[in-house]
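Asker: My structure is below; once you've seen it, I'll send some questions.
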Ligand code: FEH
Ligand code: ZN
Ligand code: ZN
């Protein structure tokens with residue numbers, strides 16, 4: 001790799017395939033920090049970006065993909081703060097305005113100026129309208145977006161920034177319903193890149209019984225390896241099977257990592273009155289919120305999105321203490337098309353992670 005050129009997987013036109021190409025080496029200025037990328041996770045949202053129609057997303061092409069990134073600090077701008085050159089870090093993915101009340105609290109996933117930023121088509125973050133980390137190098141706007149990972153391997157750290165953080169934030173969103181009742185049950189729908197981490201986070205941080213649902217036997221096997229108490233395939237009688245596992249009262253919370261019509265239907269059918277439904281997946285399903293209606297009385301519905309910087313620190317801490325392990329399928333950066341095909345076909349076990357080759 002020449003010193004002034006590096007590689008990046010770039011979306012060059014809407015609806016076209018991403019292209020691995022040479023780009024100029026970024027030069028950090030001001031508060032910016034340049035990261036030597038060591039791992040970049042592949043997410044279903046990357047597929048949504050690749051498949052978006054022109055004007056469908058508040059982004060301008062071309063930009064590099066990759067919003068789930070880990071690596072080492074390579075170079076810092078003169079006003080940069082945070083991790084030092086050489087430190088291993090994970091990159092916090094939602095880049096907000098950096099100065100509103102939400103961003104000041106580390107909740108850039110809920111930046112108060114998101115609509116303004118989107119109107120300016122400046123992008124949501126790395127790989128989401130801004131140059132991302134499916135590349136040799138990643139330029140990050142500020143050290144505030146970096147979390148040190150110590151001796152955690154980059155292929156384990158990268159998925160924590162999106163899959164791990166999103167799962168953790170979803171659990172935090174429904175925590176008020178979990179209490180410390182070891183007989184209470186939580187249903188996890190979809191045990192893929194996010195769901196398998198949600199199972200581990202629930203087991204590591206709550207007393208609940210974890211019941212899982214997926215359409216693939218191998219996903220249920222992964223759920224069991226991650227500590228799930230029960231797993232069942234999605235079938236016409238699944239709601240009854242799950243309710244019987246809750247002693248008939250229903251689940252105090254449902255984490256839906258699919259978000260399809262059938263997954264939402266199942267969630268409504270298994271929820272306990274006064275419980276929590278967190279819709280995490282963007283599967284295009286719709287839910288009618290009406291009184292009276294199908295949702296049990298007292299249901300709280302949430303649409304958690306990504307997570308906060310303080311939560312990312314807690315996710316990294318869980319991983320470093322061995323309470324969280326990401327099931328990873330590695331692919332060379334140059335094999336990104338294969339990884340994308342595998343994700344589209346639903347045959348990735350856990351999380352696909354690209355490693356610069
Ligand atoms: C990122 C950008 C937009 C929608 C959803 C996402 C998720 O992958 C973040 O976890
Ligand atoms: Zn994502
Ligand atoms: Zn903000």
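Asker: Fewest to most neighbouring Cβ within 10 Å: what's the order for 48, 196?
Answerer: On the way: 48 13, 196 29.
In increasing order of surrounding Cβ atoms, one gets 48, 196.
Asker: In what sequence do 14, 95 fall when counting other Cβ within 10 Å, fewest first?
Answerer: On the way: 14 16, 95 26.
Listing 14, 95 from fewest to most nearby Cβ atoms yields 14, 95.
Asker: Related question: What is the stretch 222-326's relative contact order, in percent, from Cα pairs under 8 angstrom and six or more apart in sequence? If you can, show how the numbers build up before the last one.
Answerer: Working: 129 pairs, mean separation 21.2, N = 105.
In percent, rounded to a whole number, it is 20.
Asker: On a C-alpha basis, how far is the centre of the stretch 77-120 from the centre of the stretch 303-344 in Å? Whole number, if you could?
Answerer: With the stretch 77-120 and the stretch 303-344 each reduced to a Cα centre, they are spaced 19 Å.
Asker: Considering only DSSP beta bridges where both residues belong to the chain, give the percentage that are antiparallel (nearest 5). Display every interim value, and only then the final one.
Answerer: Working: 30 of 58 bridges.
Once the DSSP bridges in the chain are tallied, antiparallel ones form about 50 percent.
Asker: For a quick check: sort 50, 134 by the number of other beta carbons within 10 angstrom, fewest at the front. Mind dumping the intermediate values first?
Answerer: Numbers: 50 16, 134 31.
Result, fewest neighbours first: 50, 134.
Asker: Based on the Kirkwood radius over alpha-carbon pairs, what value in µm²/s does the Stokes-Einstein equation return for the translational diffusion coefficient of the stretch 17-134 at 4 °C and 1.567 mPa s? Let's see the in-between values first.
Answerer: Values: Rh = 15.2 Å.
In µm²/s, the coefficient is 85.
Asker: Another question, if that's okay. Report, please, the projected area of the stretch 235-346 averaged over directions, based on the convex hull of its C-alpha atoms, in nm².
Answerer: Values: hull surface 39.9 nm².
Spelled out: convex hull of the Cα atoms, projected over all directions, averaged, 10.0 nm².
Asker: OK, next. If you average the alpha carbon positions of the stretch 236-250 and of the stretch 133-173, how far apart do those two centres end up, in angstrom?
Answerer: Answer, in whole Å: 36.
Asker: How long are the three semi-axes of the equivalent ellipsoid of the chain, in whole Å, if each is the root of 5 times an eigenvalue of the C-alpha gyration tensor, listed from largest down? Don't jump to the answer; show the numbers that get you there.
Answerer: Numbers: eigenvalues 245, 81, 79 Å².
Those come to 35, 20, 20 Å.
Read the figures in this text as sums done on the coordinates, not as results from a lab. These numbers come from a predicted model, not from an experiment. Neighbour counts run over all protein chains shown; Cβ positions are idealised from the backbone, glycine included.
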